[in-house]
Amino acid sequence: MLNAVLDVTLRQVGALYGLPSEVYERAGIAKEIAQNLDVIALCRRKTNQGQDNIHYALAVRLRATGAVDVLFPDRNNWIPYAQAGIELGQIFSLVRRDRNYLKTVQLKGINLAKFAADVLTQVGEQPTLVLIEADVWRNERGEKNGGQAWFQLKNENLLAKRDILDFQHVPGHACVYPRDDNKLRNLLGIIRFRTGDETTQYITNRQAWNENSLARDLIRLSGFYDTSVPELLHYFSIGRLPKTQKAQDTSTARELYMIDSQNDEYGVNIAFKHQQML
């Protein structure tokens, strides 16, 4: 009962116990930025309802003051979090009543790319960080439109295009935005992250990490920086090896890439709990 009450009175209305700006300052962000920083997360949900495939996205903005706003695709204005819940329900209610609106909640890859481009080029007057998942946003497979999404989010493009936003293929934009473009003047950066099946199930071997010691630390909570790619921060953490993986946890297997094997031991057999990559 208590959890239900807290859910209704706090989470559902976007209430916070403190100011996000306080957290930002403790994280080492300069005070003048922390007190004004907006953090925007691009969120996506794909599910099946009966015979219909629902694929929808929205953007959520957390302001330094604790205010939470939401932006829907094809909308120009951010609205308060509490109001967004009602409008989202109205959108799907309309779709249920009138099948002509079904496509508005069946977004294709190119629709996702346009939404991302719209959000990034309209960040507002405050310094802003944007968070986006790698999965699907970078490429949606099997679509009739060739899986068009935001290809810049692919691994091979991250470093090469770090100083531009490439939306040449996106309707309404059809260009490359340089870092100093006026529309991006308050965009501090974009953080692409991996979740769920997108997290890696292995680490690089000792030679790549320039270290001769055995990978004993992988049985505990561990964090790593990869310096093999200059000018691009590559960090990941591993919670620990699952207890069910003990039989596969050998000194040989820990040193292997996922696709490597040695003496009938395979790197792919080693899995980790709670792995994160940035």
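The values are calculated or read from the model by the stated rules, or taken from the named source; none is laboratory data. Predicted model, so just to flag it, every value in this text is computed and none were measured. Methodologically, a virtual Cβ is constructed for each residue, glycine included, from the backbone with ideal geometry; neighbour enumeration extends over all protein chains shown. Ligands, DNA and RNA are excluded from the accessible area calculation, which covers all protein heavy atoms including side chains. Shrake-Rupley method; radii C 1.70, N 1.55, O 1.52, S 1.80 Å.
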Karplus-derived HN-Hα couplings along the stretch 73-89 (A = 6.51, B = -1.76, C = 1.60, θ = phi - 60°), whole Hz, x at Gly and Pro: x, 6, 10, 9, 10, 6, 10, x, 4, 4, 5, 4, x, 5, 5, 5, x
Distant-in-sequence amide H partners of Asp135 (H built 1.01 Å from N, under 5 Å): Thr195
Per-residue SASA entry for Ile190, accessible area with 1.4 Å probe, Å² rounded to 10: 60
Packing-based order for 116-123, 80-87, 25-32, using average beta carbon neighbours within 10 Å, highest first: 116-123, 80-87, 25-32
Tyr101 - accessible surface, heavy atoms, 1.4 Å probe, Å² rounded to 10: 100
Ranked order, Phe115, Phe92 - accessible area, probe 1.4 Å, largest first: Phe92, Phe115
Estimated FRET transfer efficiency (Asp180, Asp52; beta-carbon r; R0 41 Å; 0.05): 0.40
FRET E, pair Glu125, Ile164, Förster distance 25 Å, beta-carbon r, rounded to 0.05: 0.65
Unsatisfied cross-links (Cα-Cα over 29 Å) in the set Lys114/Lys161; Lys103/Lys161; Lys31/Lys154: Lys103/Lys161; Lys31/Lys154
Leu102/Ser261 FRET efficiency (R0 41 Å; Cβ-Cβ; nearest 0.05): 0.30
